[in-house]
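Asks: This is the structure I want to talk about, given as C-alpha cells.
Derivation of every value follows stated rules applied to the coordinates shown; laboratory data play no part. Quantities reported herein were computed from a predicted structural model and do not represent experimental measurements. Note that each Cβ is placed from the backbone with ideal geometry, even for glycine, and that neighbours are counted across all protein chains shown.
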C-alpha cells in the first residue's frame, strides 16, 4: 500500500465532498492536554458536558485497537446572515450563536466523515476506523491543533489562517499509518482582545476557560441562571460569540460554502415572545434541526425571558405574567418573576404581588422577592 499516494488521494477526495481543510496527526497520547484537563478538573472549571474519563479523552488507543493516525477535518461556517431581520418595538428578537445557524453541524460533519470512511474502505479493505464529532471522547481542538488545522487561540478555539475560528471540527482515528502534518505556530502573540471581550470574565487567561461562568455554557444549563450573569446574557438564547467577534483574525471572515449551514433569520434570530407559549411539538418543528435545540425547549425559553428583561419589553408583560401564574416549571416561573421586576410598571408589580400570595415553591418565592425589590 502506497501511503503517500493514498494520503494525496484522500485529500483530493475531501475537497470533492465539501471538506474545507484536512490534516493528519499521529495516534499518540495527548500528554499536554492530559495535564491541562487535570488542572481544569482541580479548579472545577469543567462544564460537565465533557467525557468524564480523562484517559479516554487523551488516549486514542483506548478508543480503537492499535491506532496509527488521526485525520482531522474542518468545515467553515458563515459569520454573517445573507438575509437580515431587525428587531422592532413589540417584536424583540433573540439570537443563536453562529455555531447553531443552519442544520445541526453534528449531522453535517458525520456525513463528511462517513464518506471519508467509505472512500478509505474501498482503498484499504479491512481498515479500522472510528469517527467522532464534538460528543466523542477525544478533544476536537487538540486533534485539530496537532494535525495542523489551526492553532489553539487564547479564546480556546482553533483558529485557522483561512477561515479564522469559524470552523466546525471532526476527526477519525484510523489503523492506517498516514504521515503526520506539521502543527501551526501560535499566532495570537500579545493580543488579548478575546479575553477583554468576554462578558463574564470566563476566559481566565489565554487558553484557559472557566466553563461555569461562560455564557455559551450558561445558556445550555437547565437551572436558574445565577444573578450575576443574567444581565450579561443580553438577548442570547443560545451560545455566545463575543470572543470570536473580537478576534482580529476573524475580521472579514464570512464563508458561505455549505447550503446546509445557511441560517434562516426567523430561526437564528427568533421572535422572543412567541417562544414562551410554544408546545414541545412546535419547538421541535421550528428549532429541532439546529444544534442549539439539543437541551430541549425550556432552557431556550428561560433565555428568551431573560432577553425580554434585557430589552425591558413592556409589551411582553402579559405573556410573562401568564408564565408566572400557569407554567409548571419553577425555573421558568422564577425567571419570569425576576424579568417582570426588571421590566417594571404597575402591571408587572401587580402580577408579582398576586403571585407572592399564592406561590408555594421556595425557589420561585425567592425570585418573586427579587422581582419586587426592583420597585423599592
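Asks: Can you tell which of 265, 125, 274 shows the greatest fluctuation in a Gaussian network model of the chain with Cα springs below 10 Å?
Replies: Highest fluctuation among the options: 125.
Asks: Right, next: What FRET efficiency, computed as 1/(1 + (r/R0)^6) with R0 = 35 Å and r the Cβ-Cβ distance, is obtained for residue 205 and residue 61, rounded to the nearest 0.05?
Replies: The computed FRET efficiency comes out at 0.65.
Asks: Still on this structure, I have one more. Which value in nm describes the separation of the simple spin-label points at residue 1 and residue 222, placed 7 Å from the Cα toward the beta carbon?
Replies: Taking the two extended label points, one gets 4.3 nm.
Asks: Sort the range 307-376 into rounded, prolate or oblate with this rule: let a ≥ b ≥ c be the square roots of the eigenvalues of the Cα gyration tensor; rounded if a/c is under 1.5, and if a/c is not under 1.5, prolate when a/b is larger than b/c, oblate otherwise.
Replies: It is prolate, given that a/c is not under 1.5 and a/b is the larger ratio.
Asks: Related question: Which residue fluctuates most in the GNM of the chain (Cα springs below 10 Å): 302, 39, 92?
Replies: Evaluated over the chain, the most mobile residue of the options is 39.
Asks: Nearest 10 degrees, 0 to 90: what angle lies between the long axis of helix 297-311 and the longest principal axis of the chain (Cα atoms)?
Replies: The angle comes out at about 60 degrees.
Asks: Rounding to the nearest 10 and keeping the result within 0 to 90°, find how far the Cα-based axis of helix 31-43 lies from the longest principal axis of the chain.
Replies: 20
Asks: Please say if the chain is rounded, prolate or oblate, where rounded means a/c under 1.5 for a ≥ b ≥ c the square roots of the C-alpha gyration tensor eigenvalues, and otherwise the choice is prolate for a/b larger than b/c and oblate otherwise?
Replies: prolate
Asks: What is the order of 100, 61, fewest Cβ neighbours within 10 Å to most?
Replies: 61, 100
Asks: Does anyone have the angle between helix 346-358 and the longest principal axis of the chain? Alpha-carbon axes, 0 to 90°, nearest 10?
Replies: Between the helix axis and the principal axis of the chain, the angle is about 90 degrees.
Asks: Taking R0 as 41 Å, what FRET efficiency do you get between residue 88 and residue 15 from their Cβ-Cβ distance, rounded to the nearest 0.05?
Replies: The calculated FRET efficiency here is 0.45.
Asks: With each pseudo-label sitting 7 Å past Cα toward Cβ, what's the residue 192-residue 106 distance in nm, one decimal?
Replies: 3.7
Asks: Could you order peptides 81-89, 206-214 by the average number of other Cβ atoms within 10 Å of their residues, highest first?
Replies: 206-214, 81-89
Asks: Per DSSP helix of 4 or more residues, -39500 (n - 2.57); summed, then divided by the residues of the chain. What does that give at 222 nm, rounded to the nearest 500?
Replies: -12000 deg cm²/dmol
Asks: I would also like to ask the following. Please give the length that would be gained between residue 260 and residue 295 if that part of the chain were fully extended, namely 0.36 nm times their separation in residues minus their C-alpha to C-alpha distance (nm, one decimal).
Replies: So the extension gain works out to 10.5 nm.
Asks: Between the alpha-carbon centers of the range 249-283 and the range 117-141, tell me the distance in whole angstrom.
Replies: 30
Asks: Using a/c under 1.5 as the rounded threshold, could you call the range 119-229 rounded, prolate or oblate? The axes a ≥ b ≥ c are square roots of the C-alpha gyration tensor eigenvalues, and prolate needs a/b larger than b/c, oblate otherwise.
Replies: Oblate, because a/c is 1.5 or more while a/b does not exceed b/c.
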